[in-house]
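Q: Handing you this structure, nothing more for now.
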Amino acid sequence: MKVIVYTTKTCAYCKQLMRWLEHRNQPYEAYDVTDDIEMRKELYKKTLMTTVPITQVGDKYVVGPQYGKIAKLLG
C-alpha cells in the first residue's frame, strides 16, 4: 500500500513520524509542501486541516502523528 507523508522543512513531528515508519520498515514517500500552495489547498480540501504531518495511506488521510491510526491502516 502506498504511503505518502506530507511535511514541511521545519516540522519536528514529521521527522519523528518518518523515523517511526523507517523503524517499521514501511516504505513511504515524503512530499514537502512548504512552498507548494496548490498541494496545501488540495490537502485542506481532503482533510479540512492545515497542519502537518498528513499521512496518506492508500486513499485515507491521517492528520498529525497518530501512530495507532496509521498502524491500523497499514495492517
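Condition check ((1) under 17 Å from ALA12 (Cβ atoms); (2) surrounded by 13 or more Cβ atoms within 10 Å (Cβ to Cβ); (3) touching a Pro at 6+ places or on another chain (Cβ under 9 Å)) across all residues:
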site: GLN26; (1), (2), (3): no, yes, no
site: ASP35; (1), (2), (3): no, no, no
site: MET39; (1), (2), (3): no, yes, no
site: MET49; (1), (2), (3): no, no, no
site: PRO53; (1), (2), (3): yes, yes, yes
site: TYR61; (1), (2), (3): no, yes, no
site: PRO65; (1), (2), (3): yes, yes, yes
site: LYS69; (1), (2), (3): no, yes, no
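Q: Here's a follow-up. Among the residues of the stretch 1-40, what is the count of those that are polar (S, T, N, Q) and under 16 Å from TYR61 (Cα atoms)?
A: Summing the residues that are polar (S, T, N, Q) and under 16 Å from TYR61 (Cα atoms) in the stretch 1-40 gives 1.
Q: Taking only the stretch 4-18 into account, find how many residues are more than 13 Å from THR55 (Cα to Cα) and free of Cβ contacts under 8 Å to residues at least 40 places away in the same chain. Lay out the reasoning, then the answer.
A: Keep residues of the stretch 4-18 that are more than 13 Å from THR55 (Cα to Cα), which gives 9-12.
Filter once more, so that each one left must be free of Cβ contacts under 8 Å to residues at least 40 places away in the same chain: 9-10, 12.
Of the residues in the stretch 4-18, 3 are more than 13 Å from THR55 (Cα to Cα) and free of Cβ contacts under 8 Å to residues at least 40 places away in the same chain.
Q: Please count how many residues of the stretch 3-19 are hydrophobic (A, V, I, L, M, F, W, C) and exposed (fewer than 14 other Cβ atoms within 10 Å of the Cβ).
A: Residues flagged as hydrophobic (A, V, I, L, M, F, W, C) and exposed (fewer than 14 other Cβ atoms within 10 Å of the Cβ) within the stretch 3-19 amount to 1.
Read the figures in this text as sums done on the coordinates, not as results from a lab. For clarity, every value in this text was computed on a predicted model and none was experimentally measured. Every residue, glycine as well, gets a Cβ built from its backbone with ideal geometry; the counts of neighbours run over all protein chains shown.
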